[in-house]
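S.K.: Next up is a structure, given as structure tokens.
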Amino acid sequence: MKKRLNTNTVFSGLSMLAIIGMLTISGAANAGIASTKHNLSTSGTGTVKSTDETEICVFCHTPHQAIKNDNIPLWNHTLSAEASYGVYTSPTFDGASSVQDLGGTNAATAAVSNLCLSCHDGTIAINALNNPSNALGANPTMTGTGAGGVIPAGPANIGNDLTDDHPVNFLYDASLYAADSSLNDPATLTGVRLFNGYVQCASCHDPHESVNPAFLRVDNTGSALCLKCHNK
Ligand code: HEC
Ligand code: HEC
Ligand code: HEC
Ligand code: HEC
């Protein structure tokens, strides 16, 4: 009896260590949005941040009075009014039949990529919120922004021309896979993410990601991100 108890103690001690080990590894793997440039609150670690808003999520989401649209998650950042971003085109681009211009959208028609563009096209002030936090009661005051309070000039300001960027806002489905044998089967993708079957900015990026550079869903060493979808 005594021996059995001791054995159990050793086993539970070991499994406890294993659990602690796993927790430590997963904890280190994703420290969360707080340590990224998307923490735009007073606790932010980047140069673009607020001097008075302490909440992190409020720059993009709100629990109530969100911009209503069934394709976007409780969105709180004013959407861009750009008329056109253009669309990627090439003689070999098989997704051309479904690709749609992200310009000319409104609150009801915006796609997931429009959420990123609401800051990254450089036309809307970072602090332009639909529903400011109750605690602050007003749009946040910012530091580090460009003229007009928009995202500063530089690589993060991708502008309003998407014709020279990796295509987004097109269907990556079984028929595209059938048409292009150099793609992986969209039904078996791992690491990356499709939105209602569409490739969007957030297919490659997770705006809450703190593990890989540039919010990438998959570390792109050896082009591992590209190879998740492209069978080259
Ligand atoms: C800089 C903008 C930004 C901030 C800040 C932000 N999010 Fe998001 N969030 C997004 C975008 C864009 C999406 C849609 C794309 C996606 O799901 O990856 C999203 C999706 C989500 C979703 C639904 C889909 C999913 O990925 O599970 C949840 C839940 C969410 N966010 C929670 C949060 C919480 C909680 C916070 C604060 C701790 C937060 N977000 C901060 C931009 C942001
Ligand atoms: C989430 C999946 C996904 C990821 C990740 C991805 N791509 Fe793509 N990419 C596609 C799909 C789908 C197409 C459309 C292919 C087609 O229709 O010809 C495409 C199109 C392209 C094209 C244009 C093809 C043409 O015929 O004009 C190039 C080049 C390309 N991707 C390169 C890359 C590179 C480089 C990376 C990594 C930085 C990457 N892709 C990551 C899904 C992805
Ligand atoms: C509320 C505004 C806002 C939204 C929405 C937003 N971002 Fe950002 N993002 C920023 C700011 C501000 C920076 C930092 C810019 C700087 O430092 O010059 C940034 C930086 C980045 C960077 C560069 C990170 C680095 O380490 O240099 C990437 C990549 C990025 N964002 C991708 C996205 C994507 C993809 C989405 C949508 C899924 C998105 N962002 C949505 C405001 C936003
Ligand atoms: C097919 C994958 C893919 C898609 C789709 C994609 N990106 Fe990226 N993005 C990347 C990669 C990979 C990098 C890192 C480039 C590098 O390291 O040079 C990057 C870098 C960035 C950066 C950092 C600045 C820079 O030029 O390095 C921003 C900002 C950004 N992306 C925003 C977006 C936005 C906004 C969208 C949608 C309109 C988008 N991305 C769609 C793969 C993608």
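The values are calculated or read from the model by the stated rules, or taken from the named source; none is laboratory data. On a predicted model such as this, the values are computed, not experimentally measured, just so you know. We place every Cβ from the backbone using ideal geometry, glycine too, and count neighbours over all the protein chains shown. Heavy atoms of the whole protein, side chains included, go into the accessibility calculation; ligands, DNA and RNA do not. Shrake-Rupley method; radii C 1.70, N 1.55, O 1.52, S 1.80 Å.
S.K.: Can you say whether residue 193 is of a type in the set (D, E, K, R), touching an Asp or Glu at 6+ places or on another chain (Cβ under 6 Å) and within 14 Å of ligand 4 (Cβ to nearest atom), as far as the supplied structure shows?
M.R.: No, not satisfied.
S.K.: Checking residue 221 against (1) of a type outside the set (Lys, Arg); (2) within 12 Å of ligand 2 (Cβ to nearest atom); (3) surrounded by fewer than 17 Cβ atoms within 10 Å (Cβ to Cβ); (4) in contact (Cβ under 8 Å) with a residue 40 or more places away in the chain, which single condition isn't satisfied?
M.R.: (4)
S.K.: Residue 210 fails exactly one of the following numbered conditions: (1) open to solvent by 60 Å² or more (accessible area, probe 1.4 Å); (2) within 14 Å of ligand 1 (Cβ to nearest atom); (3) at pLDDT below 95. What is the number of that condition?
M.R.: Tallying (1) open to solvent by 60 Å² or more (accessible area, probe 1.4 Å); (2) within 14 Å of ligand 1 (Cβ to nearest atom); (3) at pLDDT below 95, residue 210 fails exactly one: (1).
S.K.: When the range 52-84 is examined, which residues are found to be open to solvent by less than 50 Å² (accessible area, probe 1.4 Å) and over 14 Å from residue 115 (Cα atoms)?
M.R.: 53, 56
S.K.: Of these, 159, 103, which one is modelled with pLDDT of 95 or more and either among the basic types (Lys, Arg) or under 30 Å from residue 42 (Cα atoms) (or both)?
M.R.: Going through 159, 103 in turn, the sole match is 159.
S.K.: Tell me which residues, restricted to the range 130-151, are among the hydrophobic types (A, V, I, L, M, F, W, C) and not in a helix (DSSP H, G or I).
M.R.: 135, 136, 138, 142, 150, 151, listed by residue number.
S.K.: Let me ask something additional. For the range 111-148, name all the residues that are open to solvent by less than 30 Å² (accessible area, probe 1.4 Å) and over 21 Å from residue 67 (Cα atoms).
M.R.: 146
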